[in-house]
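Data first, discussion second: the structure below is written as structure tokens.
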Amino acid sequence: MGLSIERLTVRLGQRTVLHDVAAELLPGRVTALLGPNGAGKSSLLRAMLALIPVESGRVLLDGSDMAALDARTRARRLGYLPQSAELAWNIPARSLVELGRAPHRSPFAGLGEADRAAIGRAMALTDTVRFAERLTHELSGGERARVLLARVLAGEPDWLLADEPLASLDPAHQLDMLGRLHGYAAEGHGVVVVLHDLSHAARIADDVMLLSEGRLVAFGAAEEVLRPELLEQVYGIGFERIGVHLIPTPPARVPHSPAGR
Ligand SMILES: Nc1ncnc2c1ncn2[C@@H]1O[C@H](COP(=O)(O)OP(=O)(O)OP(=O)(O)O)[C@@H](O)[C@H]1O
């Protein structure tokens, strides 16, 4: 049971972006999807959600082929937080979160009690209640990111697949978001999250999938995969472990040139 990725190969245009990727993901755990830019992390998430076609292989959700499930069932079971969601509609934040209930109700039915409860829980969890009535185009990037997470959580998916959910959050809200992802897994849900900060991964991941150039270089318990020597191979820079932190070495410093020179 869980999400089984079976020998997945994906082509986009002329490029093979995933080669024969296989892994068994379990509910109740946070799986971090790591790898350099262009490694294939977003493509893997999208292939798992059946949003892009696969060349070969398949993804099974509790034994059922994802590609064979109808879109509504898929949406109920797997919640997707994409990397950078454009918001076409300028609507109150609460209305956006309400859209997360769409897979659970018929298009013209009003919100039921269960819908309202799920929306309330999702907004409380993401600390978005205080700007519930504000228009989405008037929110900051980080506020919008939390509202978008609330929309996904309102759907109460069994699995949450999040693509760089920390990107526009300040440090306090990053830690808060990590805590929420961890908490969602602790409730028995599956969480798959694309991260760039390896210390964040070390903090919350139970398992890690490490991708490089479309290939799965390592998959396993976080403490086994997050080893400096393995990370160095994949990222091409050194890492030092200090507590839960994995620090690039030598410490990256951007040369400073005073303005006007
Ligand atoms: N529509 C497309 N057509 C052709 N190639 C694509 C397409 N989308 C992505 N790619 C290529 O597929 C590869 C994997 O991209 P993907 O976005 O999955 O990587 P990623 O690991 O999520 O990267 P990042 O960390 O930069 O977000 C890249 O080389 C990218 O250029």
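See the values below:
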| item | result |
| --- | --- |
| Cα gyration tensor shape of region 47-129, rounded if a/c is under 1.5, else prolate or oblate by comparing a/b with b/c | prolate |
| Environment charge at Ala88 (Cβ cut-off 14 Å; Lys +1, Arg +1, Asp -1, Glu -1) | +1 |
| Kirkwood Rh in Å, taken over region 1-45 so that all alpha-carbon pairs contribute | 11.6 Å |
| DSSP-loop chymotrypsin sites (Phe, Trp or Tyr not before Pro) across region 1-110, with at most 16 other Cβ within 10 angstrom | Trp89, Phe108 |
| Peptides 129-136, 98-105, 33-40 ordered by average Cβ neighbours within 10 Å, highest first | 33-40, 98-105, 129-136 |
| Cα extents of the chain along the three principal axes, largest first (Å) | 56, 52, 37 |
| Charge dipole (debye, nearest 20) of the chain; +1 at Cβ of Lys and Arg, -1 at Cβ of Asp and Glu | 560 debye |
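Here, each number is a calculation from the coordinates, and none is a lab measurement. Owing to the predicted nature of the structure, the values given are computational and were not obtained by experimental measurement. No Cβ is skipped: glycine too gets one built from the backbone with ideal geometry, and neighbour counts run over all protein chains shown.
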